[in-house]
Every structure is written in C-alpha cells, then in structure tokens.
Amino acid sequence: MTQANLYTVGGTVQAGSGVYISRQADGELLALCRQGIFAYVLTARQMGKSSLMVRTAEQLGQEGIRSAILDLTQLGVQLTAEQWYLGLLVAIEEQLALDTEVVAWWQARAHLGMTQRLSLFFEQVLLKEVAEPVVIFVDEIDTTLSLAFTDDFFAAIRSFYVARARRPEFKRLSFVLIGVATPGDLIRDPQRTPFNIGQRVELTDFTSEEALPLAAGLGLAQAEAQQVLGWVLHWTGGHPYLTQRLCRVMAEQAGGSRWSEAAVERTVASTFLGAMSEQDNNLQFVRDMLSKRGPDQVEVLTTYDQVRRGKPPVWDEEQSQVKSHLKLAGVVCRAENAVLYVRNRINRTVFDRKWVREHLPRTWWDRIIESARREILVLLPVILSLLLLSLLMTGLAGYAWQQRDIAQQQTQLAKQESQRAQQQTQLAKREGERAQQQFQVALEQRQVAQKQTQLAQKNSQEANKQRQAAEKQTRVADWQRQEADRQRQRAEDQTRLAKKQRLEAELREQGAVATNLLRVKPVDGVLLAIRATGQSLSEFQKVFPPIQSSLLDAIDASRERNLFQGHERYVYSVAFSPDGQRIVSGSGDNTVRLWDLKGQAIGQPFRGHQGSVYSVAFSPDGQRIVSGSDDNTLRLWDLKGQAIGQPFRGHERGVWSVAFSPVGQRFVSGSDDNTLRLWDLKGQAIGQPFRGHESYVRSVAFSADGQRIVSGSADNPLQLWQGGTWRDWLRIDCNRLRDHPVLRNPQTEVAKGARETCQKYVPGWR
C-alpha cells in the first residue's frame, strides 16, 4: 500500500508526519552546537535547511541546551530598524521564557543606539537569566538583503564571538545562520570588516543510502522499491525537494509493480518537463535566478552554459559572485576536485542549450546573423559550390584554430590555478594573523593568572601568621575574661543587696510624697505612684494601703492629658516618624493628620482621598508619608500636607495596608482585591500584582534587608514573597539613591557605606 503522506514537499518536516532523512550535516551541526561554535548553513532553496534546524533544536533541548528559533520572514520587511530589532528580542523572550519584560526594558534605554541595546540585552538579560548554554538559530537571513540597516545586526553577532576572549560567559552563547545567501552578502558595507566567523555546514543532496527510507512509501517489495528509487535518483540526483515530490507523485499514481524505468521517465516528463516546468516552484526559482536576479545576466547564463557543456571544465571560485550565485540558485554543485557540474538531470533537461540561447539578451550582432542566415538559404546552391572549393584551404586553418583553442583553454586553467593559489595564500595569512592574536591573548591571560596565584599564596601565608597570633591572644583573653567574670559576679551580688535596700527606702518615701501630691496635684501624684509601682510591685504592696483611697479619688478627679482631638470619624491607622517626634494618623473622615508629642495638630488635614484612609506609614528618612484609602488609591505626601504627584492607581478595591522598604525608594500595598502591589516614588507600579491570597490583604511588611515581603490576609495563612533577587533590589535602590538626602553629606559613615555597597555590587554605578 502506497503512502503519499510520507513525503514532505515544501516546508519543514513535522513531528508525526513525513519521514526525516538524516545526512552528514545533521551530525556536524549538532556537534558544533554542543561545543558552542558559531555555524552557518547557507545553500539553495528547498534543501531541508529548516527541517535540519528544527531537528537539531529538539535534540539540543533533550540534552539541556536552550535554543531559540528566529524566523526573519515572520518579522517582515516593511519595518523601521527599531521595530525589527525589538521584534527579535520579543521572539527570544517568548521562546526562552525570560522574566524581564523586554518591551519596557527596550524603551527604558531609548537614549542608546539599537545595536548597543541589542548587545546589552544578550549581556545583561539573556546570559544573566539563562544559566545553560544557548543557541540562537536565525532562519531565512536572505530576507535581510533588502534591508538597509542589518549590517549592524551581523556585526553585533561577530562582536559576541570576539567577546569570548575577555568575557567567559559569552562562551555559552552561539549562533547558527540559515538561508539562501553567502557570508559576503551579510555585511555589504565595503568599509566594514566582512562577516568572517563561524564554520560552514554543507547540506548535500541525498545519497542512495540516505534516501532508502523514501522507498517505503511506494508500496513495493524492498528489492523492487530500491530499484525504482534508483531510477528516481537518476533524474533528481538526490535533490531533497525534487526527490520527495517525484516519489509523492508516483505514490499517488499507485503504479505498484508496473513501474519501469520508462514509466519513471514518463512521470518525470509529466511532472517537471515542458510546460510543467513553468508550474514547479523550485524550477521557477532556478529560472528567476538564472534570467532575472543575477549580478550580470549575460555572464550568469554564459558561465552556466560552460558548466553544462563541461568542456573545458569550469573551476569553482569562492570569490566569484557569478559562480556563488549559480550555487545558491541550486542549479550547479561543486565536485570534490573543485569542478562545477549541473546538479541533476532534471535541471540539465529543463535548462538546456536551447533555453540558454533563448534567454541570452539579443544584441545587434545577433540580429545581423539571423538576417544573414535567411539570405544564405536563398544562395545555398552557390555557397555549397564555393564551400567545396574552400574545404581544402580551410582544413589547415581549422587545425590551426583548434590548436589555438587548446592553448587558450590551458592558459585559462593556469590563470584559474594561479588565482586559487593567491586566494589560499591570503587565507593562510589571515589565519596566521588570527592565530597570533589568539596566542597573544592566551599569553596575557596566563600572565594575569600567574600574578593572581602569587598574590593568593602571599595572602595565604600572611593569613596563617595572623591566625596564629590571634589564637594566642584568644587564649590570654579567655583567661582574663574568666577572672573578670568572677569579680563581676561578686560585685553584682553586692550591688543587688544594696539596690534592694535603697529601693525599699525610696518606695516608702515616694509613697508618702504621692499621698500628699494626690491631694494637691492629682495627676502628678498618680504618675509618681505608677512609677513606684513599676519599680517593684512586691515592695509597692507594703506602701499602697495608706494611699489607696487618695489614689482612687485623684484618678476620678484628674483630667485626661495628651488626648489628640481633630479627626471627625474613626482613626484607622497611626505611625511614629523614624525620629519619634511626630505621629501621623489616617481616619474615616478621608483625611490624614500630623501631630506632635503634645497632641497638637501640625498644619491642616491632608485632603485628597475620596474614601476612608485605612493605612499610613512614614518613609525611613521621615520626609514623606504614604497613605492607602478605600477609594482604591494610594497617595504620597510631604510633611506640609502637599500631595506628591497624582494618586497611585492600580488596585481594583480599597487599600488596607502600606509599608516602605528599608531604603525608602519603594513601598508595598495590600488591598481588598486580594493582591499586593509594589510601587516606586513616582507612582509607577513595579512588575505585576502579587497574586496568591484568596481574600483581602490586611497587612504587609518588608524584611530588614528589603529582599522579601510578608503579607497577612483574611484567608488565615501568611504569604512570604520574593520580589526579585537581592541584586535586582539593590540595583533599583542604588540608582535612586543618587538624589537621596542621605548622600548630601558624603563624609558621613552612612553615605560612605552606601556608596561602597553600590559600587561593589552594581556594575557601572557612580
């Protein structure tokens, strides 16, 4: 039974459908990717490049090597440079599941050039978030040939390769470029260094052994199927697309055992030859490359015709644009002896001598010859007579012309050999220069390593001496501490006895004074009695009965002091300033108020919320206040009651709790919408809401190091949140600390410590 769906005609071989033919290139590309070596697969259309890419990416994933596939045709060409570059990064973010929001990251660095932003993305985002090796496959690179700004893209890829010598982390990043182009096409500016890195992977046609799995779809016995497949390869030469399409047509015709070499030839003719050649997309691509898209149409067709005739042989030259163009067209191949030949019998039959002559541009000389040909037909009898007379004379001349042609051919071969030798000499020179540079870098690195080893040994010896001295001092200090402990214990025993005696006397004295004060100054008497109680309750019992009656009378008669009056409704939240000299309160009357320690309101109420104020908090420097309200917003205030910026919007319901980070550059809020949110001082939400509670969040707090947040909710359990790595928090705090009041006096210990910490852990901080 035939299986036409076994064959893939156009597109990528999909899992579960079609058969994938492994070739030597599969093993070569997989090995290069494992070693982190830059590579490129640049060849003609429909050779199986994309299938090779997908299969290699799948195998790398099974081995723990991350990969991303960038299909440049999906980006389009009607784009600005910024849209094109950002599209690349978004595709990488999605495939590698990066934590960074790429669009926001890109826009935050709009003051930098696009190439610099691209380089920083790989260095600061991708290689930081992905610990495994990463291979970036860039497919359909020939789409960049029509774009004016992609020289910088390929130059950036080359810079990643060069950076490996000084940045070891770049050894985890490699690229594979895939498409219908040559390395010289990638960077077209002649003033820039060409794209000269990476190892080429040659994607060849199927051999008879590699193509054997295709015979299974013809519905024939094994021996017979292999014979039929041999007739197929006789026409296709193993070209992946032509071979699979011909097998598919044969499978659909269900010829079974009736297939013969003549039947295969008829199927080839009805599928690819004559008028059908105009309908096949692969042959149409070859036709366009030969007659429309070449660097020089006459030279392209003339060179192809020379390859087709094979006499004299046409040698391959990597630097020849015409010959490279013919190879990319897929119509010629390079043999092991560097001679070019027509790729397969189908191409040779479709693009024969007649086709070449029809598509060569016609000059005035061609038209004269055509006119002369018509005149010759009229005068043919006379010409034949003259021709017979001139045969003897032209015989010798013909022999001379033949000898001249042979000499010219040998001269041309010698010239080509000379050019090839010059090219190899230049290549060897470049390789030698590159090897010398690498040797110099390795030598410098070894010298640095030797210096570091010597320094480490010296530090180790010094540390041993210091440790021995410290151990000796520790033994002496232990003996002195033990003796001091014994003496201190004796002194403490004597002190406790004296303190007990003195306390009893003081309590009796204070009891008497308190009794008198309760009659004259009730409040002072109460305070004195309470202080006496706090010193020793057991001793207070002895002096309490005489003043009990007066104490109760004084309490009834005393007036309340330090009662803060000013809010018109419930007070939901209060907080002390860091220096303990002010108090802030939030109320159901929609206001925030500031107080001194005597209960006096400082300034006017802070008005701006449209609902009850459920939570307030001071910043660590005491200069700002944050408040959360039932109107779903937060507000930031200065100490004069002036709102800083606009309300912070993001929660869908009331805000129950707020808290500043220890540095004071962020704060967190908990809401009735069951989420927490992190904010900066400009009112911008940092990241996405923290989701996890099943009920409203009543309380939030930062850890002392600012790396974690704890929250409490009506759903009972507490939640501990990690809002990013400590380096992420520190980077944000340090960037915002430049304008902080704590650095206004750079000589303080706090300012020095802050600067040293930021310079140590945040690269580039000043």
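Summary of values
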| quantity | calculated |
| --- | --- |
| Flag if Arg374 is in a helix (DSSP H, G or I) and modelled with pLDDT of 75 or more | no |
| Within the stretch 222-254, considering residues that are among the small types (Gly, Ala, Ser) and without any contact (Cβ under 8 Å) to a residue 12 or more places away in the chain, the one farthest from Thr204 (Cα to Cα) | Ala223 |
| Count - residues of the stretch 84-98 that are in contact (Cβ under 8 Å) with a residue 24 or more places away in the chain, aliphatic (A, V, I, L, M) and either touching a Phe, Trp or Tyr at 6+ places or on another chain (Cβ under 6 Å) or more than 15 Å from Phe137 (Cα to Cα) (or both) | 2 |
| From the options Ala338, Ala329, residue that is among the small types (Gly, Ala, Ser) and buried (at least 17 other Cβ atoms within 10 Å of the Cβ) | Ala329 |
| Of all residues making up the stretch 248-276, the number that are open to solvent by less than 10 Å² (accessible area, probe 1.4 Å) and under 11 Å from Val350 (Cβ atoms) | 2 |
| Failed condition for Pro213, given (1) over 29 Å from Trp355 (Cβ atoms); (2) open to solvent by less than 30 Å² (accessible area, probe 1.4 Å); (3) not polar (S, T, N, Q) | (2) |
| Selection from the stretch 687-720 of residues that are open to solvent by less than 20 Å² (accessible area, probe 1.4 Å) and assigned to a loop (DSSP other than H, G, I, E, B) | His693, Gly706 |
| The one condition in (1) more than 24 Å from Asn281 (Cβ to Cβ); (2) open to solvent by 10 Å² or more (accessible area, probe 1.4 Å) that Val134 fails to fulfil | (2) |
| Options Ile187, Ile178; residue that is of a type in the set (Val, Ile, Thr) and modelled with pLDDT under 85 | Ile187 |
| From the options Gln642, Gln684, residue that is open to solvent by 30 Å² or more (accessible area, probe 1.4 Å) and closer than 21 Å to Val584 by Cβ | Gln642 |
| Residue ID - nearest to the chain's Cα centre (by Cα), chosen from residues in the stretch 277-303 that are open to solvent by 60 Å² or more (accessible area, probe 1.4 Å) and charged (D, E, K, R) | Arg293 |
| Test: Asp205 is over 20 Å from Ser320 (Cα atoms) and in contact with a Pro (Cβ under 8 Å, 6 or more places away or on another chain) | yes |
| Every pair of residues 6+ apart whose Cβ atoms lie under 7 Å, when the first sits in the stretch 701-713 and is on the phi > 0 side of the Ramachandran plot while the second is open to solvent by 30 Å² or more (accessible area, probe 1.4 Å) and part of a loop (DSSP other than H, G, I, E, B) | Gly706/Pro662; Gly706/Val663 |
| All helices (runs of 4 or more DSSP H) inside the stretch 54-127 with 2 or more residues being hydrophobic (A, V, I, L, M, F, W, C), on the phi < 0 side of the Ramachandran plot and open to solvent by 40 Å² or more (accessible area, probe 1.4 Å) | 102-108 |
| Residue satisfying condition, being touching a Cys at 6+ places or on another chain (Cβ under 7 Å) and modelled with pLDDT of 85 or more, within set Leu214, Leu233 | Leu214 |
| Residue count, the stretch 661-685 (criterion: among the β-branched types (Val, Ile, Thr) and without any contact (Cβ under 8 Å) to a residue 40 or more places away in the chain) | 1 |
| Cβ pairs under 8 Å, 6+ apart, first in the stretch 563-585 and within 15 Å of Asp638 (Cα to Cα), second acidic (Asp, Glu) and surrounded by 11 or more Cβ atoms within 10 Å (Cβ to Cβ) | Pro578/Asp621; Arg582/Asp596; Ile583/Asp596 |
| Residue match in the stretch 190-201 (condition: surrounded by 15 or more Cβ atoms within 10 Å (Cβ to Cβ), modelled with pLDDT of 90 or more, more than 21 Å from the chain's Cα centre (by Cα) and of a type in the set (Val, Ile, Thr)) | yes |
| Qualifying positions in the stretch 653-681 - over 28 Å from Gln604 (Cβ atoms) and open to solvent by 50 Å² or more (accessible area, probe 1.4 Å) | Arg653, Pro662, Val663 |
| Answer from Thr453, Thr474 - the residue that is open to solvent by 60 Å² or more (accessible area, probe 1.4 Å), more than 30 Å from Arg166 (Cβ to Cβ), at pLDDT below 85 and among the polar types (S, T, N, Q) | Thr474 |
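Per-residue answers, yes or no, for (1) in contact with a helix residue (DSSP H, G or I) (Cβ under 9 Å, 6 or more places away or on another chain); (2) in a loop (DSSP other than H, G, I, E, B); (3) buried (at least 19 other Cβ atoms within 10 Å of the Cβ); (4) in contact (Cβ under 8 Å) with a residue 24 or more places away in the chain:
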residue: Ala617; (1), (2), (3), (4): no, no, yes, yes
residue: Arg635; (1), (2), (3), (4): no, no, yes, yes
residue: Pro647; (1), (2), (3), (4): no, no, no, yes
residue: His651; (1), (2), (3), (4): no, yes, yes, yes
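The values are calculated or read from the model by the stated rules, or taken from the named source; none is laboratory data. These numbers were taken from a predicted model, which means no experiment stands behind them. FYI the Cβ positions are ideal-geometry reconstructions off the backbone, even for glycines, and counts take in every protein chain you see. Accessible surface areas use protein heavy atoms only, side chains included; no ligands, DNA or RNA. Shrake-Rupley method; radii C 1.70, N 1.55, O 1.52, S 1.80 Å.
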